[in-house]
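Okay, so here's the structure we're looking at.
The values are calculated or read from the model by the stated rules, or taken from the named source; none is laboratory data. Every value quoted in this text rests on a predicted model; they were computed, and no experiment measured them. Here the Cβ positions follow ideal geometry from the backbone for every residue, glycine too, while neighbour counts run over all protein chains shown.
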Amino acid sequence: MFTLQALIFERMKMYNFNSGPAVLPAEVLQQASEAVINFNDLGLSILEIGHRTDWFVKVVEEGRSLIKELMQLDDSYEVLYLHGGATTQFMQVPMNLLDTNETAAYCDNGIWGSKAIKEAQLFGNVHVACSSKDRNHTYIPRELSVPQHSKYLHYTTNNTVEGTQWQFIPEANVPLVADMSSDIFSREFPFSKFSLIYAGAQKNAGAAGVTILIVKKDMLGKIQRKIPPIMDYTKHIEANSLLNTPPVFAVYVSMLTLRWVKKEGGLAEMERRTNERADLFYNTLDSLNAFIGKTDKRDRSLMNATFTTQNPELETLFLDECKQNGMVGVKGHRSVGGLRVSMYNALPLSSVKVLCDLMKDFDRRHG
Ligand code: PMP
């Protein structure tokens with residue numbers, strides 16, 4: 001097994017810009033790997049203990065309380081660990097909150113939001129409050145239409161694929177529901193303005209396999225539909241997130257990751273680092289001729305930066321050079337192409353520096 005120092009040294013050779021699953025803190029990897037061999041000095045692996053043991057229940061309790069503490073949420077909220085990725089929430093949210101004859105408003109700002117709209121239409125009426133489809137979702141609209149009778153307004157705070165992020169909270173006199181999969185825990189945020197938040201853990205909050213769901217209790221129990229228990233938030237709440245076998249290891253890694261976030265200085269410190277990384281990257285991008293940003297400057301994502309090369313033929317060349325220099329995850333999402341770098345909480349500033357140096361050098365040769 002690597003010591004922490006050796007692990008950090010090994011990892012200095014790679015620069016991980018993957019969009020998710022994504023870079024994790026070295027110490028989280030080390031703690032998680034130790035727990036696979038010997039969890040809490042029990043002589044058992046985390047993979048071998050029952051999910052209803054006191055040992056694991058403590059993990060769930062610590063993880064849920066860290067989430068609430070970091071987000072500064074009071075007891076009117078419940079935190080759940082669920083299966084099936086954020087994608088399952090595209091259906092589970094309307095299934096739990098929206099009756100067949102009711103309307104929910106949705107913002108159509110990227111591929112994930114569009115998928116959420118399609119799924120919600122299976123359960124009730126969807127009113128599209130705003131759309132950025134006209135320009136391939138490269139900006140965030142300022143005008144929203146939200147019918148007063150909407151059950152909720154759903155939006156994706158950060159569009160992982162297109163590289164845009166809401167830098168403001170949409171005005172609506174209805175409960176807010178947000179997919180925060182790719183920017184949760186990256187900044188200080190008025191989370192208590194939201195009635196429901198969900199996020200796959202595999203970007204800023206741990207490993208793939210678990211979805212974090214935060215819901216205000218007064219949103220629940222208001223619909224007529226019969227819901228299978230495994231899909232019913234109230235059943236998960238009653239069972240303390242142990243309705244069935246949870247993804248034990250993913251829950252554990254998520255808890256370790258949030259312990260790390262807290263130890264490093266909480267969301268204020270994450271926000272400082274987020275801004276530092278994004279400022280460095282975008283300032284470099286804007287100073288070069290060889291590359292162009294894909295999105296409107298004011299709506300740029302501080303997590304996922306999307307860009308292209310001025311000359312399309314240079315893209316493959318640049319990707320090759322990234323690969324040769326140990327930089328992974330720089331290729332854009334398959335649906336939009338181009339280039340994308342993801343700069344989540346655990347990405348060291350030094351990785352961004354190395355990338356920016358390569359971009360500058362590439363610009364000198366090809367700009
Ligand atoms: N929403 C957003 C904003 C995402 O970035 C992703 C995945 N990248 C999803 C939803 C889908 O998540 P999952 O693959 O965990 O279902």
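When we screen 168, 191 for residues that are closer than 23 Å to residue 61 by Cα, at pLDDT 95 or above, of a type in the set (Phe, Trp, Tyr) and over 12 Å from the mean Cα position of the chain (by Cα), the only hit is 191. Give 340, 334, 364 a once-over and let me know the one that is surrounded by fewer than 17 Cβ atoms within 10 Å (Cβ to Cβ), within 22 Å of the chain's Cα centre (by Cα) and either modelled with pLDDT of 95 or more or under 27 Å from residue 181 (Cβ atoms) (or both). Going through 340, 334, 364 in turn, the sole match is 334.
Condition check ((1) assigned to a loop (DSSP other than H, G, I, E, B); (2) crowded, with 20+ Cβ neighbours inside 10 Å; (3) in the same structural domain as residue 205 (by TED's automatic domain parsing)) across all residues:
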| site | (1), (2), (3) |
| --- | --- |
| 9 | no, no, no |
| 18 | yes, no, no |
| 21 | yes, no, no |
| 35 | no, yes, yes |
| 46 | yes, yes, yes |
| 65 | no, no, yes |
| 68 | no, no, yes |
| 86 | no, yes, yes |
| 89 | no, yes, yes |
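Selection within the range 147-172: residues that are of a type in the set (A, V, I, L, M, F, W, C) and more than 20 Å from residue 337 (Cβ to Cβ). The member of this set that is farthest from the ligand (Cβ to nearest atom) is 172. Every listed requirement among (1) within 14 Å of residue 155 (Cβ to Cβ); (2) more than 16 Å from the ligand (Cβ to nearest atom) is met by residue 98 save one, (1).
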